[in-house]
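Step one of this worksheet: look at the structure below.
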Amino acid sequence: MLRSWRVKLKLLLATVTLAVLLSWLYLFMGSLEYGRFLLLPPCLGEQPSRDAEREALASRVRRVEEENQQLRRQLGQAQAEGGDGSPQWGASAEDGDPPRGERSNRTACPKQQTVHKCELLHVAIVCAGHNASRDVVTLVKSILFHRKNPLHFHFITDSVAHQILQTLFQSWMVPSVHISFYNADDLKAGTCFPFPCPNPPEVSWIPNKHYSGIYGLMKLTLTKALPSNLSKVIVLDTDITFATDIAELWAVFGKFSDKQVIGLVENQSDWYLGNLWKNHKPWPALGRGFNTGVILLLLDRLRRLGWEQMWRLTAERELMSMLSTSLADQDIFNAVIKQSPALVYQLPCFWNVQLSDHTRSEQCYTEVSDLKVIHWNSPKKLRVKNKHVEFFRNLYLTFLEYDGNLLRRELFGCASLPSPPSNQLQQALEELDEDDPCYDFRRQHLTQHRIHLFFLQYEFLALPNPTDVTLVAQLSMDRLQMLEAICKHWAGPISLALYMSDAEAQQFLRYAQASEVLSARRNVAYHIVYKEGQFYPINLLRNVALANTQTPYVFLTDIDFLPMYGLYDYLRNSIQQLELPQRKAALIVPAFETLHYRLTFPKSKAELLSMLDMGSLYTFRYHVWPKGHAPTDYAKWRTATVPYRVAWQPDFEPYVVVRRDCPKYDQRFVGFGWNKVSHIMELDAQEYELLVLPNAFMIHMPHAPSFDISKFRLSAGYRGCLQTLREEFHQDLSRRYGAAALKYLTAERSL
C-alpha cells in the first residue's frame with residue numbers, strides 16, 4: 001500500500017506540473033487557438049509553428065504527459081497487486097480484440113483507415129422470394145444514398161428474386177454499380193441425415209427452425225459461391241439500414257490482424273447466455289455470441305483455412321445434440337468462433353444496432369451521430385419495442401419512400417465504363433432536338449423507368465392449359481378503388497402495371513395488405529413502374545403487364561372496366577371452341593358504359609340489353625368518340641348467338657383477347673390519344689381476324705378525367721404533336737409491312 005501512495009503522490013505532482021506548464025504556455029502565446037492545438041490530439045489540431053521557443057515548450061509538455069501516463073500504468077499495477085479490485089488504467093486489448101477506445105463510440109482520435117474514393121467495394125446479400133426482394137431495395141437505397149465509391153452487389157437468390165432484382169437494376173441504371181447473381185438452388189439441393197455424411201450437399205442437410213428457412217444458412221457457403229478471385233466482402237441481411245457511408249465499414253478490414261478472418265458485432269440479446277426461459281439451451285458461443293446481420297469476410301484467408309470443412313465439421317458435431325439450428329447460420333458461426341476465437345475481429349456495436357426486443361442496443365449509441373447500421377432483426381420488424389424506435393422507424397421510412405431516381409448520380413473523379421444500354425440511351429438523348437416542339441414527347445419515350453416486378457406475393461402456377469387467359473391492365477394511384485371490384489368479377493390470373501412514386505408504392509402495399517379481397521388472392525401480379533417525366537407512359541405500362549403473363553392468352557383491357565361475371569370461364573371456352581391455337585385471331589369483348597357510380601351489375605346479356613334500352617347503360621363512348629367502337633356493330637351483337645367477324649376501320653380500338661406473343665404496344669404514344677388505336681392497327685397489319693364474341697361484355701365505370709386528357713383538350717400543341725407521332729407511326733408501319741400498310745394511311749387521309 002505504501003508503494004501505491006508514493007505513486008499516487010508522484011502522479012499528483014506530475015499533474016500539477018502539467019497544468020502549470022499549460023497555463024503558462026496559454027498566457028505566453030496569447031492565442032486560444034494555439035492552446036487548443038496543444039490540448040487536442042494532433043489529428044484535430046493545427047500544424048505547429050516552426051518557432052524554436054514554441055517547439056521547445058511543446059516538447060516539454062509532451063515529455064511531462066508521457067511521464068504522467070507512465071505513472072498511471074505504475075499505479076494500475078500497484079492497485080492490482082494490492083487486490084482492491086479497481087480496474088487497471090493501462091489495460092491493453094487482447095490479441096484479436098479491438099482497442100479499448102474502439103469499444104466505445106467516443107474516441108479522442110481514432111486511427112483512420114482510408115479507402116480510395118474509386119476503390120470497388122463488394123457487398124453480398126442473400127435474397128429469396130417476393131418479400132425479401134422488396135425489403136432489400138430499402139437497404140440498397142440507404143447504401144447508395146451515403147456511398148462515395150463504386151459498388152459491386154453479389155446477390156445469392158432463388159429464381160423469383162433473380163427475376164425481380166435483375167429487372168430492377170437493369171432499369172434503375174445506377175452509375176458505378178455492378179450486379180452479379182448466384183443461384184441459391186445450387187447451394188441447397190440434396191439431403192443427408194443422419195451424420196456423418198460422406199459427400200453432403202451445401203446446406204439443405206441442416207435442420208433449421210428460423211423463419212428465414214433454408215436461405216438463412218446460405219452465408220456459410222460464400223467462400224464457395226462467390227468468385228475465387230474475390231478476396232473480401234461485406235455480407236448483409238436484407239433488414240439492414242445504413243446511416244453512414246459503407247466505405248467506413250470497408251475500411252475496418254485494414255484493422256484485422258494476421259489471424260482474423262471474420263468481423264462481427266457482439267450479439268445484443270441474452271440469447272446465447274441461455275437464461276431466457278427454463279431449459280433454454282442455445283448453441284455454444286463465446287460470451288454473448290455474435291450477430292451475423294453484418295459480417296466482414298476475408299474470403300481468401302477463409303479458403304486457405306479450409307472454412308468449408310471447418311463449419312461443416314462443427315455443425316455436424318453440434319447437431320448430434322442440438323438436432324437443429326434456431327438462428328440459422330448465426331448458430332454455426334458462433335460455434336466455430338467458440339472453438340477458434342482468434343478468427344474473429346469484434347466490430348464496435350454501432351455497426352450492427354440490433355432492434356429486437358430486450359436487447360442492449362441502447363448502449364451502442366449516445367447521439368444520432370453515433371449510429372452506423374440499424375438492424376431490424378426482430379420478426380416484429382418496425383413494431384419492435386425500443387426507447388428510440390420512433391427515430392429508427394422514421395430513418396427507415398425515409399429510405400423506404402425515397403425517390404430512387406435521385407440515386408442515379410455519377411461518382412465524380414472515378415472513371416467507369418457505362419453499360420451498352422446506357423451508352424445507347426445517352427446517344428439517343430443527345431440526338432434529340434431541344435427546339436423540336438414535340439421534344440417533351442420524344443424525351444418521355446426515351447425515359448428509362450425503374451421497374452419492380454411482382455411487388456407482392458405471386459403464387460400462380462401456369463397449368464398446361466392451352467386456353468388459359470390472363471387479364472392485363474394498367475393503373476395509377478387514383479384508380480386503386482377498382483382493384484377489389486375487378487378481383488370479384490374475374491377469378492383468373494391478373495397482371496397489372498402500376499405507375500407510382502416510391503412513396504405511393506408503399507401506400508399501395510399497405511392498402512393491398514389490409515384488403516381482405518386482395519390479400520386473399522395469390523394469382524394477381526402487381527408490377528410497379530416508378531414515376532418519372534411529365535406524361536403517363538400508358539403503353540410502357542401495358543407492355544410491362546403483358547410481358548409478365550404466364551398463360552397462353554391475354555385479355556387486354558383497362559382498369560376502369562368491370563368484366564361480366566363468369567367472363568374468365570367464357571373466354572376459355574370460346575378459345576377452345578374457336579380453335580384459336582390453330583388460327584391468328586383477336587376476340588373482341590363489346591364495351592359498354594354507365595354514368596352512375598352505383599350500378600346493379602347485369603348478370604346476363606338479357607339484363608344488359610334491358611338496361612341499355614332503359615338508358616341506364618350505353619355503348620362505350622357513343623356520345624364523344626363513336627368511331628372507337630362503332631365497328632363492333634352493336635346492332636348485330638344484340639341478336640348474335642355465334643361469333644362474327646368485323647373489319648378494321650380507322651380509329652377502331654376494341655378490347656381484345658389475343659395470344660400472349662401478340663405485337664407490343666407502341667411506346668411513343670404517351671399520355672392520351674392513339675395508344676390503343678395503333679395497337680389494333682398493327683394487329684390488322686399482321687392479318688389477325690377480328691371476331692366479336694356474342695355473349696361477352698364489359699362495363700366502363702365513371703371516374704374523373706385524367707390529367708393527360710385535360711392537356712389534350714386544352715393544348716393545341718399537344719394535339720399537334722399527337723398528329724406528328726401518328727404520321728411517324730404510319731411511316732414505320734409501311735416500312736415493316738410494305739404495301740399492305742398503305743391502306744391505313746389512305747384511310748387516315750380520307751377522314
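The values are calculated or read from the model by the stated rules, or taken from the named source; none is laboratory data. Predicted model only: the values in this text are computed from it and were never measured. Note that each Cβ is placed from the backbone with ideal geometry, even for glycine, and that neighbours are counted across all protein chains shown. Just the protein is used for accessible areas: all its heavy atoms, side chains included, with ligands, DNA and RNA removed. Shrake-Rupley method; radii C 1.70, N 1.55, O 1.52, S 1.80 Å.
Here are a few things to note about the model shown:
- Placing dummy labels 7 Å off each Cα toward the beta-carbon, the span from Glu689 to His152 is 5.7 nm.
- Total lysine pairs under 25 Å (Cα atoms) in the range 451-750, excluding pairs fewer than 8 apart on one chain: 23
- Electrostatic tally near Val235: other residues with Cβ closer than 10 Å to its Cβ, Lys and Arg +1, Asp and Glu -1, net -1.
- Tyr182 accessible area, assembled protein chains, probe 1.4 Å, Å²: 40 Å²
- Residues in the range 121-402 average 39 Å² of solvent-accessible surface per residue, probe 1.4 Å, ligands and nucleic acids excluded.
- Cα gyration tensor shape of the range 121-402, rounded if a/c is under 1.5, else prolate or oblate by comparing a/b with b/c: rounded
- Highest to lowest packing among 282-295, 257-270, scored as the average C-beta count within 10 Å: 282-295, 257-270
- Approximating the spin labels as points 7 Å out from Cα along Cα→Cβ, the Gln723-to-Leu397 distance works out to 5.0 nm.
- Computed log₁₀ I(q)/I(0) - Debye formula, equal Cα scatterers, no solvent, the range 451-750, q 0.11 Å⁻¹: -0.67
- Under 27 Å of direct C-alpha separation, and excluding same-chain neighbours fewer than eight residues apart, Lys387 reaches these lysines: Lys141, Lys372.
- Rg/Rg_globular for the range 223-331, with Rg_globular taken as 2.2 N^0.38 Å and Rg from C-alpha atoms: 1.18
- Working note: Cα gyration tensor of the range 625-751, eigenvalues times five, square-rooted, sorted largest first, giving semi-axes of 25, 21, 13 Å.
- Residue ranges 610-620, 688-698, 507-517 sort as 688-698, 610-620, 507-517 when ordered by packing (mean number of other C-beta atoms within 10 Å per residue, highest first).
- Among residues other than Ser159 with Cβ under 12 Å from its Cβ, the summed charge is -3 (Lys and Arg +1, Asp and Glu -1).
- Of all accessible heavy-atom area on the range 451-750, the percent that carbon and sulfur account for (1.4 Å): 53 percent
- Radius 13 Å from Cβ of Glu434, net charge of other residues (Lys, Arg +1; Asp, Glu -1): -4
- Separation in nanometres of the label points that stand 7 Å from Cα toward Cβ, at Leu609 and Ala251: 8.0 nm
- Gain on full extension, evaluated as 0.36 nm per residue between Asp270 and Glu119 minus their Cα-Cα distance, stands at 50.5 nm.
- Burial ranking of peptide ranges 297-309, 518-530 (average Cβ count within 10 Å, highest at the top): 518-530, 297-309
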